[in-house]
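The values are calculated or read from the model by the stated rules, or taken from the named source; none is laboratory data. These figures come from a predicted structure and were not determined experimentally. As a convention, Cβ positions derive from the backbone with ideal geometry for all residues, glycine included, and neighbour counts pool all protein chains shown. Areas reflect the complete protein model, heavy atoms only, side chains present, ligands, DNA and RNA absent. Shrake-Rupley method; radii C 1.70, N 1.55, O 1.52, S 1.80 Å.
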Amino acid sequence: MQVELFDYELPESLIAQTPLKDRTSSRLLTLDKARGNIKHQTFEDLIDYLEAGDVLVLNDTRVLPARLFGVKADTGAKAEVLLLKQLEGDRWEALVRPGKRLRAGAVIAFGSEMNPDGSDSPLLTATVEEEGTMGNRVLRFTYEGIFPELLDRLGHMPLPPYIKEQLPERERYQTVYAKHEGSAAAPTAGLHFTKEYLDRLAAKGIQLAYVTLHVGLGTFRPVSVDNVETHDMHEEYYEVGEETADAINLAKANGRKVIAVGTTSARTLETAARESKVQGELQACSGWTGIFIYPGYTFQIVDALLTNFHLPKSTLLMLISALAGREQILAAYREAVEQEYRFFSFGDAMFIY
């Protein structure tokens with residue numbers, strides 16, 4: 001299957017650069033995957049598609065202020081680091097720029113504080129220990145104090161490269177239910193929810209359940225092969241707790257639907273289904289997942305999916321094509337472009353049911 005089959009035309013003007021003031025005021029394109037019917041609604045209409053006993057599964061990961069701007073300690077040249085995954089202790093997998101100048105042994109300094117003698121010392125330094133491809137590096141950090149506090153002080157939100165404007169409030173790139181810190185990007189389908197709207201869903205009898213998947217390296221890397229089947233998927237850490245597993249098993253037993261909020265939740269649930277030792281029963285589990293879902297895949301847990309609009313030729317577009325069919329998805333995207341929906345992280349939403 002060729003990657004080119006998942007391409008579509010998108011005017012740059014439709015890439016949302018800023019979030020809407022009201023999280024729930026985005027538009028909602030709904031797609032009936034069985035019939036191919038498309039409707040244009042608002043996000044608040046989502047509640048009309050859900051029934052008591054259904055389970056809405058949300059990814060409660062929290063985004064790290066993982067983008068650091070510093071200088072090379074020896075030359076003073078500017079350097080940028082994007083933290084992707086903590087390996088052990090103070091060693092991290094990261095993307096660096098400029099990669100050609102940050103070879104093994106290079107030291108990057110971040111922030112500064114005044115010493116008693118009037119000299120400056122960096123608050124944080126990173127030494128390049130290992131080199132990978134495409135700017136990938138393993139860094140070891142050195143500092144005094146508490147690393148998360150320094151990161152909160154020095155770091156910036158790791159907005160995707162297609163967003164050119166500054167984000168005035170950090171929390172606008174977090175879901176309102178973000179809990180477990182560890183992501184290099186937000187699970188953006190969840191950005192549409194407010195606490196009040198979640199309360200409305202719960203009041204209707206819709207079960208809210210949570211999984212954790214820390215969004216990592218793959219979010220920032222395009223598919224670089226021609227054939228879908230040869231793409232090497234990144235791995236991300238995930239957790240599914242007993243309470244969530246029990247809620248989903250009960251819903252399935254009662255003929256209710258499981259709705260994943262975002263592709264990260266969908267990948268987590270389908271990974272957990274693979275790991276379960278009892279056929280047809282979801283069990284609590286955790287670990288690293290590199291699951292790659294594309295057309296031909298049969299979903300075991302996810303019945304419906306709330307998602308944003310994804311980049312052309314991306315693994316996320318392939319995932320939703322597996323759920324609703326490539327031709328139906330691309331037809332819906334063409335209509336979204338015609339109707340001038342807002343695309344990508346801060347854009348509008350799509351509900352596939």
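Filter the range 256-277 for residues that are more than 17 Å from the chain's Cα centre (by Cα) and not in a strand (DSSP E or B) and give the result.
ARG256, LYS257, ALA272, ALA273, ARG274, GLU275, SER276, LYS277, listed by residue number.
Six or more apart or on different chains, Cβ atoms under 7 Å: show the pairs whose first residue is in the range 91-105 and outside any strand (DSSP E or B) and whose second is open to solvent by 60 Å² or more (accessible area, probe 1.4 Å).
Cβ pairs passing all conditions: ARG103/GLU131; ALA104/GLU129; ALA104/GLU130; ALA104/GLU131.
Looking at VAL63, VAL71 in this structure, which one is among the β-branched types (Val, Ile, Thr), within 30 Å of SER121 (Cβ to Cβ) and out of contact with any helix residue (DSSP H, G or I) (no Cβ under 9 Å at 6 or more places or on another chain)?
VAL71
Inspect the range 180-203 for any residue being free of Cβ contacts under 8 Å to residues at least 40 places away in the same chain, open to solvent by 60 Å² or more (accessible area, probe 1.4 Å), among the aliphatic types (A, V, I, L, M) and closer than 30 Å to ASN254 by Cβ and give the result as yes or no.
Checked against the condition, which is being free of Cβ contacts under 8 Å to residues at least 40 places away in the same chain, open to solvent by 60 Å² or more (accessible area, probe 1.4 Å), among the aliphatic types (A, V, I, L, M) and closer than 30 Å to ASN254 by Cβ, the range 180-203 yields at least one hit.
Counting residues that are among the aliphatic types (A, V, I, L, M), which strands (runs of 3 or more DSSP E) fully inside the range 278-353 reach at least 2?
Filter on the range 278-353 gives 304-308, 349-352.
Among the residues of the range 328-337, is any more than 14 Å from the chain's Cα centre (by Cα) and β-branched (Val, Ile, Thr)?
yes
Tell me, which residue of the range 99-112 that is within 20 Å of GLY155 (Cα to Cα) and at pLDDT below 95 is most open to solvent (accessible area, probe 1.4 Å)?
That would be SER112.
Has the range 33-45 got any residue that is within 22 Å of SER321 (Cβ to Cβ) and either under 22 Å from the mean Cα position of the chain (by Cα) or of a type in the set (Asp, Glu) (or both)?
No, there is no match, as no residue in the range 33-45 is within 22 Å of SER321 (Cβ to Cβ) and either under 22 Å from the mean Cα position of the chain (by Cα) or of a type in the set (Asp, Glu) (or both).
Return the residues of the range 23-39 that are in contact (Cβ under 8 Å) with a residue 40 or more places away in the chain and in contact with a Ser or Thr (Cβ under 9 Å, 6 or more places away or on another chain); say none if nothing qualifies.
Hits for the range 23-39 are ARG23, THR24, SER26, ARG27, LEU28, ILE38.
Of all the residues that make up the range 293-327, how many are within 17 Å of the chain's Cα centre (by Cα), over 24 Å from ILE47 (Cα atoms) and of a type in the set (Val, Ile, Thr)?
So the answer is 2.
Does PRO161 qualify as being assigned to a loop (DSSP other than H, G, I, E, B), within 30 Å of VAL57 (Cβ to Cβ) and open to solvent by 20 Å² or more (accessible area, probe 1.4 Å)?
Criteria met by PRO161.
How many residues does the range 34-88 contain that are over 30 Å from LEU154 (Cα atoms) and part of a strand (DSSP E or B)?
Residues meeting the conditions: 8.
Here's the yes/no breakdown for (1) at pLDDT below 95; (2) surrounded by fewer than 19 Cβ atoms within 10 Å (Cβ to Cβ); (3) touching a Ser or Thr at 6+ places or on another chain (Cβ under 8 Å); (4) not β-branched (Val, Ile, Thr):
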| position | (1), (2), (3), (4) |
| --- | --- |
| LYS252 | no, yes, no, yes |
| ARG267 | no, no, yes, yes |
| ALA273 | no, no, no, yes |
| TYR297 | no, yes, no, yes |
| LEU305 | no, no, yes, yes |
| PRO312 | no, yes, no, yes |
| LEU316 | no, no, yes, yes |
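Which numbered condition trips up VAL228, out of (1) surrounded by 15 or more Cβ atoms within 10 Å (Cβ to Cβ); (2) more than 21 Å from the chain's Cα centre (by Cα); (3) touching a residue at least 12 places away in the same chain (Cβ under 8 Å)?
Of everything listed in (1) surrounded by 15 or more Cβ atoms within 10 Å (Cβ to Cβ); (2) more than 21 Å from the chain's Cα centre (by Cα); (3) touching a residue at least 12 places away in the same chain (Cβ under 8 Å), VAL228 misses just condition (2).
Every residue in the range 329-353 that is open to solvent by 10 Å² or more (accessible area, probe 1.4 Å) and within 18 Å of ILE259 (Cβ to Cβ), please.
If the condition is that a residue be open to solvent by 10 Å² or more (accessible area, probe 1.4 Å) and within 18 Å of ILE259 (Cβ to Cβ), then TYR353 is the only one that fits.
Looking at (1) part of a loop (DSSP other than H, G, I, E, B); (2) in contact with a Gly (Cβ under 8 Å, 6 or more places away or on another chain), which one does THR127 not meet, given that it meets all the others?
Just one mismatch for THR127, condition (1).
How many residues does the range 165-224 contain that are within 20 Å of LEU20 (Cβ to Cβ), among the aromatic types (Phe, Trp, Tyr) and not in a helix (DSSP H, G or I)?
Number satisfying all stated conditions: 2.
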